[in-house]
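Colleague: Below is a structure I'd like to ask you about.
The values are calculated or read from the model by the stated rules, or taken from the named source; none is laboratory data. None of these values were measured; they are calculated from a predicted model. Glycine also receives a Cβ, built like all others from the backbone with ideal geometry; neighbour counts cover every protein chain displayed. These area figures cover heavy atoms from the full protein model, side chains too; ligands, DNA and RNA do not enter into them. Shrake-Rupley method; radii C 1.70, N 1.55, O 1.52, S 1.80 Å.
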Amino acid sequence: MKVVETATLFDARELAKLAPEPFSGDFTIAYLRSALKTTKRTLKEFLLDQTKVCGLGNIYASEAMFAARIDPAPRLIRSRQSRPRDCTKASGLF
């Protein structure tokens, strides 16, 4: 465990790798599309990767995909352009 002062918390190397949280101002459709372009993972794997989307767990990711009627199995390279918006709308992020 690494102990740091509160003022330098976000400068810690371990936290610098984390992606924006879904309800933060930094998490936008543009950010999501940009991050999705760089992966060949499934949507579920992508959403659970804390370096892509911070703070999402298995249940929340599953519920968002279910509400958006998105199959979590296909690789993202084949996904349609509108799917990120479908998923974020269904989850209440935007």
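Colleague: Taking the residues in the range 35-48 that are assigned to a loop (DSSP other than H, G, I, E, B) and open to solvent by 30 Å² or more (accessible area, probe 1.4 Å) as candidates, determine which candidate is farthest from Pro74 (Cα to Cα).
Modeller: Thr38
Colleague: Follow-up question, since we're still on this one. Given the conditions (1) in contact (Cβ under 8 Å) with a residue 12 or more places away in the chain; (2) under 27 Å from Lys2 (Cα atoms), report the number of the one that Arg69 does not fulfil.
Modeller: (2)
Colleague: Might you let me know whether the range 11-34 holds any residue that is among the hydrophobic types (A, V, I, L, M, F, W, C), open to solvent by less than 30 Å² (accessible area, probe 1.4 Å), closer than 29 Å to Met1 by Cα and assigned to a helix (DSSP H, G or I)?
Modeller: Scanning the range 11-34, I find no residue that is among the hydrophobic types (A, V, I, L, M, F, W, C), open to solvent by less than 30 Å² (accessible area, probe 1.4 Å), closer than 29 Å to Met1 by Cα and assigned to a helix (DSSP H, G or I), so the answer is no.
Colleague: Right, next: Taking the residues in the range 54-94 that are modelled with pLDDT of 80 or more and crowded, with 19+ Cβ neighbours inside 10 Å as candidates, determine which candidate is farthest from the chain's Cα centre (by Cα).
Modeller: Out of the qualifying residues, it is Ile70.
Colleague: Can you name the condition, by its number, that Thr51 falls short on among (1) part of a helix (DSSP H, G or I); (2) at pLDDT 85 or above?
Modeller: It fails just one condition, (1).
Colleague: In the range 1-10, what residues are modelled with pLDDT under 85 and either surrounded by 10 or more Cβ atoms within 10 Å (Cβ to Cβ) or not in a loop (DSSP other than H, G, I, E, B) (or both)?
Modeller: Across the range 1-10, the qualifying residues are Val4, Leu9, Phe10.
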